[in-house]
Amino acid sequence: MGYPFTRLRRPRAHGWSRRLVAENRLSSDDLIWPLFVTDGVTGPVATMPGVSRMTPDEAGDAAREAKRLGIPAIALFPQTDALLKTPDGQESWNPDNLVCRSIRAIRAATGTDVGIICDVALDPYTSHGHDGVLEGGRIVNDASVELLVRQSLVLADAGCDVLAPSDMMDGRIGAIRKAIEGAGHHDLQIMAYAAKYASAFYGPFRDAVGSGAVLVGDKRTYQMDPANGDEALREVGFDIEEGADMVMVKPGLPYLDIVRRVKETFHVPTFAYQVSGEYAMMRAAALAGYLDGTRTMIEVLTCFKRAGADGILTYFAPEAAKVLNGVQ
């Protein structure tokens, strides 16, 4: 029956009733905290207020904080020394590289209480800033996959829990799964960056890891066109068939329609990355007094859940966890 017998405002009248009828709930269990590690200068990332680069030992301290706040996992991203960058990104498969040392420091700090997710891509290690091998001005797929497999095996041996290939090369999930199975890493999970778009929202991240300054051209020949949605489903489907345990959509907020379509189509664990540009614009607006920072943060993260995301990679993770858990 219509108004006045049906009044949709009735359940909204009180906080207790709003809680009772809430369709989606955000908790610290939904958060993954990305960390930037470095052997160079630590401290704030200029284009990401509130975010800092840290040493491997400081990453261990951050993992302890994640454990205290109930954040299940962290994701590691390195700022590689420019002197170690090469056209083929060979530092990525050095067993004593920055990420491997960070894994060991986090394990020493928290044991297995906090999951460690490691990015699999060459762009932090290449002198041209691309996620693969550059030949004649073109990123070549199969040669790049071979190097991504080498990187994956090094990260697996170092003790990471989840490999997260973010390169968008064709066939890399199947190649990595075959290699890690063959090496005995049967329980190692793969979180595929399955629908990663060639987005303008990545700028601050590239500042943080130092790849933006050296990037030659752009990444539109391997990352997805923002105009495409059906193609994302094909990408996700192939990654699942090749052995991905979970999939990711990146960026987040501008692509929540893709998150919803992926979740409804495949019914697999689906994650979204609230990327650096999303974080930076929200933080800047809050610092300028244009938005209530805390309310906006929680609202947007809740919208990820409503769209179907099982979890969210977000630089707001520790701040959001404190709000959600009522702790300082």
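Bear in mind that the values in this text are calculations on the coordinates, not laboratory data. All figures in this text were calculated on a predicted structure; none of them were measured in a lab. In this analysis, Cβ positions are derived from the backbone assuming ideal geometry, glycine residues included, and neighbour counts consider all displayed protein chains.
Take the alpha carbon atoms of the stretch 1-65, find their center, do the same for the stretch 78-121, and report the distance between the two centers in whole angstrom.
A separation of 26 Å, based on Cα centres.
So which cysteines in the chain don't have a second cysteine's C-beta under 4.7 Å from them?
Lacking a cysteine Cβ partner under 4.7 Å: Cys100, Cys303.
Count the net charge of all other residues whose Cβ sits under 15 Å from the Cβ of Glu242, scoring Lys and Arg as +1 and Asp and Glu as -1.
Summing Lys and Arg as +1 and Asp and Glu as -1 gives -4.
Return a single number: how many Lys pairs in the chain, at a sequence separation of 8 or more or on separate chains, have alpha-carbon atoms below 21 angstrom apart.
Count of close lysine pairs: 11.
Compute the signed sum of charges (Lys and Arg +1, Asp and Glu -1) over the other residues within less than 13 Å, Cβ to Cβ, of Thr42. Before the final figure, lay out the partial values.
Values: positive: Arg53; negative: Asp39, Asp57, Glu58, Asp61.
My count for the surroundings of Thr42 gives -3.
Taking every pair of alpha-carbon atoms in the chain, what share in percent sits in each 20 Å bin, from 0 to the bin with the longest distance?
Cα pair-distance distribution for the chain, in percent: 31, 58, 9, 1.
Considering the Cα positions of the stretch 173-328, please state its Rg to one decimal place and its Dmax as a whole number of Å.
When restricted to the Cα atoms of the stretch 173-328, Rg and Dmax are 16.9, 54 Å.
Write down the percent of antiparallel bridges among all DSSP beta bridges whose residues are both part of the chain, to the nearest 5. Walk me through the intermediate numbers first.
Values: 5 of 40 bridges.
Among the beta bridges of the chain, antiparallel pairing accounts for roughly 10 percent.
Arrange the following residues from fewest to most other Cβ atoms within 10 Å of their Cβ: Met1, Met297, Met168, Met248. Walk me through the numbers before you get to the answer.
On the way: Met1 5, Met297 21, Met168 25, Met248 28.
Ranked by crowding around the Cβ, least crowded first: Met1, Met297, Met168, Met248.
Assuming 0.36 nm per residue, please report the length gained on full extension of the stretch Phe266 to Arg18 beyond their Cα-Cα distance. Spell out each step's value before the answer.
Numbers: separation 248, 0.36 × 248 = 89.28 nm, distance 3.08 nm.
Stretched fully, the Phe266-Arg18 segment lengthens by 86.2 nm.
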